[in-house]
1. Just a yes or no: is a residue in the range 83-104 closer than 13 Å to V7 by Cβ, outside any helix (DSSP H, G or I) and modelled with pLDDT of 95 or more?
2. For E63, indicate whether it is in a helix (DSSP H, G or I) and at pLDDT 95 or above.
3. Determine, yes or no, whether D259 is in a strand (DSSP E or B) and either surrounded by 14 or more Cβ atoms within 10 Å (Cβ to Cβ) or not β-branched (V, I, T) (or both).
4. Do the conditions hold for A157, that is, is it open to solvent by less than 30 Å² (accessible area, probe 1.4 Å), under 16 Å from the mean Cα position of the chain (by Cα) and touching a residue at least 12 places away in the same chain (Cβ under 8 Å)?
5. Which is modelled with pLDDT of 95 or more, under 16 Å from I246 (Cα atoms) and open to solvent by less than 60 Å² (accessible area, probe 1.4 Å), of L224, L206?
6. I'd like to check something: does the range 12-32 contain any residue that is loosely packed, with under 14 Cβ neighbours inside 10 Å, more than 31 Å from the chain's Cα centre (by Cα), touching a residue at least 12 places away in the same chain (Cβ under 8 Å) and farther than 16 Å from N99 by Cβ?
7. Give the range 320-372 a look and list any residue that's within 16 Å of R166 (Cβ to Cβ), open to solvent by 10 Å² or more (accessible area, probe 1.4 Å) and assigned to a helix (DSSP H, G or I), or say none.
8. Can you find a residue that is touching a Pro at 6+ places or on another chain (Cβ under 8 Å) and either closer than 28 Å to K250 by Cβ or of a type outside the set (D, E, K, R) (or both) anywhere in the range 43-53?
Amino acid sequence: MSDVLRVSIVDPNDASRMVLKKLVLGIDSLWLEADSNRYEFFLDVISQSNPHIALVSLDADHEKALTLISDITQQLPQCAVLAICSSQEGTLILRAMRNGAKEFLNYPLHEEDLLSALDRVCGGGPGKGLASGGRSGGNRVISVAGVEGGVGCTAIAVNIACMLARNENNSVALIDLDLSLGDADVWLDLIPENTVQDVTENISRLDYSLLKRSLTRHKSGVYLLARPTRLEENSSVSPDSLRRMIALLKATFTHLILDVSKHYGPLEVAAFAASDTILLVTQLDLSGLRNVVRLNKYFDQYEGINEKIRIVLNRMGMDEVAISLNKAKETIGHEIFCQLPNDYAAMVESRNNGIPLQEQAPKARITKAIEAVANVFENSEEVGASVNPKKKGLFGLFGG
């Protein structure tokens, strides 16, 4: 169970409710959506927020709790009910299950028992069951990282995010993880009120709706979480808090685009570990290819990261180069995922105006090329090491 599940609790007993809240808050894969001390109001509470899981304690009043379980099952069938009770009487268990409870758990509830029950309820796999919200192609985390400064990874990240957001079935968040010098807000002409630091510092106190409101919405539909305002604030973002933030945002959005810095320390490694795909951006020159090799060796010490890397060759055709594509592939030990053309004029105009390419230069070759990359991430299939040559775009920009 790798996706974050949103959980709501009802228990009129203050002491046992606090125990349940503490248990849920202590598990990174769970988000406490709401808690209530009244059976009568609980259905209204969860109707507003649509949690994945409702934990219903039966001890305060068996009959009211059983009626509530039946009402939740009928009116919110997408919400799985887990009944909790200190009594293990067979008749009570049978009635709870007949009323729609997916599991009947004993109080006091232990973490391993709760996690086992959630695994059974959610179908036992990432992106499946309740945590995926019924979406077939979402919940994808894509990191975009450059092998050196100035290779265009922020431009690529911003424009992939905006192109994915055009699909009304997608909800897209762009996270600027260049905590010192990030400028994703400039590319979108936004002045965010909250930053990565604000969210990570308050992650345990944010509820589901407040988390989304902490991000700044661009007119394209993309939600931006910008880098900290002051340079000294970036040290307060830890790998653990970043992992927690990514997990919770993944439960909220179908696509997370992470614009990663070139520091390649613990924070960047945490972002890569949480990602499904890593777009490593370079240019077809000696320094860029050399850094790809260095990074490959560095990532060998971290299980699973190298397998996620897809190489993006940016600014192709900028000038004559002596390095062939075949030689580049041989040197770096990776297939080339895609090649993006050089279009300096369109990119500079887009950045200076704070307008994404799809609006600033919809017919430009670079726009069409990045659009083709975004389209790869529209489906739920595994993104291969290179795009199928038979599916080349209009300008033959993808290479195997």
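1. yes
2. Values: in a helix (DSSP H, G or I): yes; at pLDDT 95 or above: yes.
For E63, the condition - in a helix (DSSP H, G or I) and at pLDDT 95 or above - is met.
3. Working: in a strand (DSSP E or B): yes; either surrounded by 14 or more Cβ atoms within 10 Å (Cβ to Cβ) or not β-branched (V, I, T) (or both): yes.
Yes.
4. Numbers: open to solvent by less than 30 Å² (accessible area, probe 1.4 Å): yes; under 16 Å from the mean Cα position of the chain (by Cα): yes; touching a residue at least 12 places away in the same chain (Cβ under 8 Å): yes.
Criteria met by A157.
5. Values: L206 fails: modelled with pLDDT of 95 or more.
Testing whether each residue is modelled with pLDDT of 95 or more, under 16 Å from I246 (Cα atoms) and open to solvent by less than 60 Å² (accessible area, probe 1.4 Å) leaves just L224.
6. Scanning the range 12-32, I find at least one residue that is loosely packed, with under 14 Cβ neighbours inside 10 Å, more than 31 Å from the chain's Cα centre (by Cα), touching a residue at least 12 places away in the same chain (Cβ under 8 Å) and farther than 16 Å from N99 by Cβ, so the answer is yes.
7. Q358, E359, Q360, K368, E371, A372
8. In the first step, residues of the range 43-53 are kept if they are touching a Pro at 6+ places or on another chain (Cβ under 8 Å); the result is none.
The answer is no; no qualifying residue exists.
The values are calculated or read from the model by the stated rules, or taken from the named source; none is laboratory data. Owing to the predicted nature of the structure, the values given are computational and were not obtained by experimental measurement. Heads up, the Cβs are rebuilt from the backbone with ideal geometry, glycines too, and the neighbour counts pull from every protein chain shown. Ligands, DNA and RNA are stripped out before the accessible areas are found, and what is left, the full protein with its side chains, is counted by its heavy atoms. Shrake-Rupley method; radii C 1.70, N 1.55, O 1.52, S 1.80 Å.
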